[in-house]
Amino acid sequence: MGRGFNLLELTIIIAMLSILLLMAIPSFDAITSRIKIKRLASELNSFLVQAKSEAVTRNQKLYAHFSFNSTSSVSSGSWYIQLTDSASSTGNQLLYFSGTPFSEIEVSHSYNPAYITFDQVRGRPNGGTINFYFVNDTVNKLRAVMANPPGRIKICATSGDAYDYPPCS
């Protein structure tokens, strides 16, 4: 009697492993999508907090300009937010937040005109929201809420408890 695997046994084992891997691939996609939107929430929050700090440090009113207006939304990743010292987007650029790594995430905002102002004394942003969600998942939406007063920036889920963020109240 021979030892080891014969060709038929090896083929069956490879087929079974292939099936197991094919079943695991969709769960990896879900994990990477979850990480991507949580990263956007974290980086957007950090950008806004830094903009508040810059306004206080410089003792100057600052403006975070969106590359798109409030009546549209973008999902191509070709959007950005730039912090300037002027109500015009052509002012001196202080910070830049690129949406390039976040393609397939739909982003919209409620600011009209298309910028957030940060008060020079306490860094308070004017009130408004930034919404974002995956284009193929319109149920699990996240929102960055800027409340004035007190100037707090909060990330929350618009429906239920999405991506480990609490529901918006």
- For region 1-156, what number of Lys pairs, 8 or more residues apart or on separate chains, have alpha-carbon atoms under 24 Å from each other? 9
- Task: Tell me the label-point distance for the pair Arg152, Ser53, using the 7 Å Cα-to-Cβ offset, in nm and rounded to one decimal.
- Result: 2.1
- Item | Entry for volume of the Cα convex hull per residue in Å³ (calculated from the structure that is shown) out of (i) 288; (ii) 183; (iii) 159 | (iii)
- Query: If you count, for each residue, the other Cβ atoms within 10 Å and average over each peptide, how do 65-72, 115-122 line up from highest to lowest?
  - Reply: 115-122, 65-72
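Each reported figure results from applying straightforward, stated rules to the coordinates on display, with no laboratory input. The structure displayed is predicted, hence computed values, not measured ones. A quick note on method: Cβ atoms are made from the backbone with ideal geometry, for glycine too, and the neighbour counts reach across all protein chains shown.
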